[in-house]
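K.L.:
I have a structure I would like to understand better, so I am pasting it below and will then ask my questions one at a time.
The values are calculated or read from the model by the stated rules, or taken from the named source; none is laboratory data. These figures come from a predicted structure and were not determined experimentally. Positions of Cβ are backbone-derived with ideal geometry, glycine not excepted, and every protein chain shown enters the neighbour counts.
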Amino acid sequence: MDTLLVLLPVAGPVLAAAAAGLLGWRPAVGLAIVGSAVLQALSGAVLAARVLHGPALTGFGGLLRVDALSAFMLLVVGTVGTLAAASVPRYLAEEQAEGRGSENGRRLFAVLLPGFLATMALAVVAGDLGVLWVAIEATTVVTAFLVGHTRSRQALEATWKYVVLGSAGIATAFLGTVLVYFAAVHAGHPTLSWAALSAPGTHLDRGVMRVAVALVLLGFGTKAGLAPMHAWLPDAHSQAPAAVSALMSGVLTSVALYAVLRYLPIASAAVGPGLLRTLLAVAALLSLAVSAALLLAQRDLKRMLAYSTVENMGLLALGAAAGSRLAIGAVLLHVLGHGLTKSSLFLTSGRIHHSEHTTRIEEVTRLLARRPGLGRVWGAGLVALVGLPPSSLFLSEVVILGAAVAAGLVWVAAGAAVLLLLAYVAVARHGTGMLLGGEEDEPAETAPRRDRWADLPGWLGLAGCAGLTAGAWAAVPLLSAAAAVVTGGS
Amino acid sequence: MSGEAFTQALDLAAGLFLLCAVAVLWRRSVRALVRLLAVQGAALGGLIAVLAAHSTDAALAGVALGIGLLKAGIIPWLLGHAVGGHRADAETESLVNVPASLLAAAGLVALAYVVSRPIVALDPSPALQTAPLGVAVFLIGFFVLLTRRRAISQAVGFLLVDNGITAVAFLTVDGVPLVVELGASLDLLLAVLILQVLTTRIRRTFGDTDLDGLRELHD
């Protein structure tokens, strides 16, 4: 029974993918994909209730294992997955109506998208560092053709960079995993189960683990889009179809960071907390600096969102570097808030691309006047993204910075605050230009909106993000239990 | 297999393994690169077979056969397919010339020994003493990946990285648990399939698999 419950979030999307493979793209398949994402969120909630006051659930001899942290991440994957999946039927229907793409292309899209959800769920319910690695590498495999779905020259270039850099990066994490196993075998515990490896008294060899931890951070950091390994991210996230960008930016990067979080207790036990925290703090500052600079100079709105993801990953790395229970709790809250906001914005960017036929920032003007519905959801999304209340990102950013100061990373936190402010200015400037800027005498288009429900997933994501601020207190027990998994103690 | 013969066979296989990686830096024709990759795959299979013979482990011998088949047979075949007849013997362009590349390789091998010191220090067994060569191939793979401009050559670099890791895995701990090994091999196979499809599409769109054509995305 437990095994079944743990397997459900992986099996649901796999079944939806199988249905898509058999039937090809059709509305019923779209419904099945959305349903499988809802199922992931629901099973996340049920599992959270189970593990909050009980022991972790395991399946397949410990290969799968769900604790509070896994359950929380399942909730993130499921909720953002639902929003992204809900936008897919419209996207594929428009593609079909406009005579782009092919029937087989759409079938592949409908198979790979739930496959993507399944691999992310597998990554967060894996109880074994090896299975975790296999699942994260599998996300690269399933997303490759999703990124390249439109088959344009740019999409092809983005896919190539993504697959080569992503696979080589993640291979580095595999070498790290192998070395962890080597250290474990030498310490007399031939296992890759992290529950066993982070237990006190494991005595993994210090020297080997130092090398392993650095390799693991390099590898999963590539996938998380942390600078300086972020080069592929703006290309892939800006060229992928909106629903795929939403999932990659909103969840996949966080799933990769989750892998790093899983290594924190193991690294702390083996080499002390210093090494991984220093590396994370360096990556955090680099990511914030790179993204602030490129946000200021940005000319493409999807690339702007992508660099904002690099910025947010930097902030999350800072929280992980602080490492206290409060910091990790805030990191998790930020993961959910950022996932909802960023996916909402990417979905809206897809609508903008569709109606304006461009993603150049300077070519999109007076959006609020010309397309009020689209303009409002885009504006609200940007306000939430820069972390103005009631966005939950405000709460989590403040707590992460505070926790970093409390952990002694005063200068890092100060630098991060300045860089966050720069990014804020950049996004606000681009945003006001798009919403309000441009020539006044331009004729106001009053094109009738073909469908008032088109922006619904976007609004739902933002409502979730705002609701999270109010509901954060209710999530505290789960956040706290999940953070305790990383920091140890109860 | 007795101690002396085991060490010699191991060193032979590992030496051939490293030599192929260095030769990749030296050779420029795409077809030669794919052939070198096949030879290296065979050397890797041989390396694992030697380990299996030493520990008389039938399961490990099976793994050696599987990995040899995958890395000396299937993957080079897929890559060769991607090369096709299209300018297959063309020189691949590199950002670094051959003497400098070879010098860099020497540096990377030295770096590999430095990085692997804590690993080698754990156990004086001959297999573990050979592990730095796997790390060296891993590093040389990254070097190829970063300095070559042609799509196929980059794929070869990625596969060198992967071969290096596989070698380290078997030289240190007789491989990772079977589930992980299977998953990793499957992921690798799929990644290579994707690369193959992509090179075909790149050639169809850009006329050649030279990544210099891929310069449209930037800030």
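K.L.:
If I filter segment B:166-177 for residues that are under 19 Å from B:Val39 (Cα atoms) and either without any contact (Cβ under 8 Å) to a residue 24 or more places away in the chain or of a type in the set (Ser, Thr, Tyr) (or both), do I get at least one hit?
P.N.:
There is at least one residue in segment B:166-177 that is under 19 Å from B:Val39 (Cα atoms) and either without any contact (Cβ under 8 Å) to a residue 24 or more places away in the chain or of a type in the set (Ser, Thr, Tyr) (or both).
K.L.:
I'm trying to understand the selection: among the residues of segment A:99-130, which are touching a Phe, Trp or Tyr at 6+ places or on another chain (Cβ under 9 Å) and not small (Gly, Ala, Ser)?
P.N.:
Scanning segment A:99-130 gives A:Glu103, A:Arg106, A:Arg107, A:Leu108, A:Phe109, A:Leu112, A:Val124, A:Asp128, A:Leu129.
K.L.:
Same structure, new question: Can A:Leu315 be described as surrounded by fewer than 24 Cβ atoms within 10 Å (Cβ to Cβ) and either in contact with a helix residue (DSSP H, G or I) (Cβ under 6 Å, 6 or more places away or on another chain) or not β-branched (Val, Ile, Thr) (or both)?
P.N.:
Judged against the criteria, A:Leu315 is not a match.
K.L.:
Considering only residues that are more than 27 Å from A:Val131 (Cα to Cα) and in contact with a Phe, Trp or Tyr (Cβ under 9 Å, 6 or more places away or on another chain), look in segment A:263-292 and name the one that is surrounded by the fewest Cβ atoms within 10 Å (Cβ to Cβ).
P.N.:
Of everything passing the filter in segment A:263-292, A:Val290 is surrounded by the fewest Cβ atoms within 10 Å (Cβ to Cβ).
K.L.:
Output the qualifying pairs, or none if there are none: Cβ atoms under 8 angstrom, residues six or more apart or on different chains, first residue in segment B:137-150 and more than 10 Å from chain A (Cβ to nearest Cβ), second residue of a type in the set (Phe, Trp, Tyr) and assigned to a helix (DSSP H, G or I).
P.N.:
B:Val137/B:Phe17
K.L.:
Only one of A:Leu252, A:Leu247, A:Leu233 is part of a helix (DSSP H, G or I), within 14 Å of chain B (Cβ to nearest Cβ) and crowded, with 24+ Cβ neighbours inside 10 Å. Can you tell me which?
P.N.:
A:Leu233
K.L.:
Further question: Give the residues of segment A:52-74 that are in a helix (DSSP H, G or I) and either free of Cβ contacts under 8 Å to residues at least 40 places away in the same chain or more than 13 Å from A:Leu117 (Cβ to Cβ) (or both), sorted by residue number.
P.N.:
Correct list: A:Leu52, A:Ala68, A:Leu69, A:Ser70, A:Ala71, A:Phe72.
K.L.:
Quick one: which residue in A:Gly381, A:Gly339, A:Gly373, A:Gly350 is assigned to a helix (DSSP H, G or I) and surrounded by fewer than 21 Cβ atoms within 10 Å (Cβ to Cβ)?
P.N.:
A:Gly373
Matching residues to (1) at pLDDT 95 or above; (2) assigned to a loop (DSSP other than H, G, I, E, B); (3) surrounded by fewer than 23 Cβ atoms within 10 Å (Cβ to Cβ):
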residue: A:Glu94; (1), (2), (3): no, no, yes
residue: A:Gly101; (1), (2), (3): no, yes, yes
residue: A:Arg107; (1), (2), (3): yes, no, yes
residue: A:Ala110; (1), (2), (3): yes, no, no
residue: A:Pro114; (1), (2), (3): yes, no, no
residue: A:Ala121; (1), (2), (3): yes, no, no
residue: A:Val163; (1), (2), (3): no, no, no
residue: A:Gly166; (1), (2), (3): no, no, no
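K.L.:
Mind checking whether some residue in segment A:375-382 is of a type in the set (Gly, Ala, Ser), at pLDDT below 90 and more than 21 Å from A:Tyr91 (Cβ to Cβ)? It would help to see each step written out before you state the result.
P.N.:
Going residue by residue through segment A:375-382, those that are of a type in the set (Gly, Ala, Ser) are A:375, A:379-381.
This time we only want the ones that are at pLDDT below 90, so: none.
There is no residue in segment A:375-382 that is of a type in the set (Gly, Ala, Ser), at pLDDT below 90 and more than 21 Å from A:Tyr91 (Cβ to Cβ).
K.L.:
So, one more: Assess whether A:Arg90 counts as being more than 10 Å from chain B (Cβ to nearest Cβ) and not polar (S, T, N, Q).
P.N.:
Judged against the criteria, A:Arg90 is a match.
K.L.:
Of (1) more than 7 Å from chain A (Cβ to nearest Cβ); (2) at pLDDT 85 or above; (3) under 30 Å from B:Val96 (Cα atoms), B:Leu171 satisfies all except one. Which?
P.N.:
With (1) more than 7 Å from chain A (Cβ to nearest Cβ); (2) at pLDDT 85 or above; (3) under 30 Å from B:Val96 (Cα atoms) applied to B:Leu171, the lone miss is (3).
K.L.:
With more than 10 Å from every other protein chain (Cβ to nearest Cβ) and of a type in the set (Val, Ile, Thr) as the only criterion, which of A:Val124, A:Val164, A:Val142 stands out?
P.N.:
Just a single option satisfies the conditions, and that option is A:Val124.
K.L.:
Another question, then. Where the second residue is small (Gly, Ala, Ser) and the first is loosely packed, with under 15 Cβ neighbours inside 10 Å and lies in segment A:1-18, which pairs have Cβ atoms under 9 Å and are six or more apart or on separate chains?
P.N.:
Listed by first residue and then by second, the contacts come to A:Asp2/A:Gly59; A:Thr3/A:Gly59; A:Leu4/A:Ala11; A:Leu4/A:Gly59.
K.L.:
If I ask for residues that are buried (at least 23 other Cβ atoms within 10 Å of the Cβ) and outside any loop (DSSP other than H, G, I, E, B), which ones from segment A:384-396 would you list?
P.N.:
A:Ala384, A:Leu385, A:Ser392, A:Leu393, A:Ser396
K.L.:
Can you tell me how many residues within segment B:175-208 are more than 9 Å from every other protein chain (Cβ to nearest Cβ) and either among the acidic types (Asp, Glu) or out of contact with any Leu (no Cβ under 9 Å at 6 or more places or on another chain) (or both)?
P.N.:
6
K.L.:
Test A:Gly176 against the criterion of being in a helix (DSSP H, G or I), touching a residue at least 60 places away in the same chain (Cβ under 8 Å), under 30 Å from A:Asp205 (Cβ atoms) and more than 8 Å from chain B (Cβ to nearest Cβ), and give yes or no.
P.N.:
no
K.L.:
Exactly one condition in (1) facing chain B (nearest Cβ under 7 Å); (2) touching a helix residue (DSSP H, G or I) at 6+ places or on another chain (Cβ under 7 Å); (3) over 17 Å from A:His230 (Cα atoms) is not met by A:His186; state its number.
P.N.:
(2)
K.L.:
Further question on the same structure: Considering segment B:19-32 alone, what residues qualify as being part of a helix (DSSP H, G or I) and in contact with a strand residue (DSSP E or B) (Cβ under 9 Å, 6 or more places away or on another chain)?
P.N.:
B:Leu25, B:Val30 - these are the residues of segment B:19-32 that are part of a helix (DSSP H, G or I) and in contact with a strand residue (DSSP E or B) (Cβ under 9 Å, 6 or more places away or on another chain).
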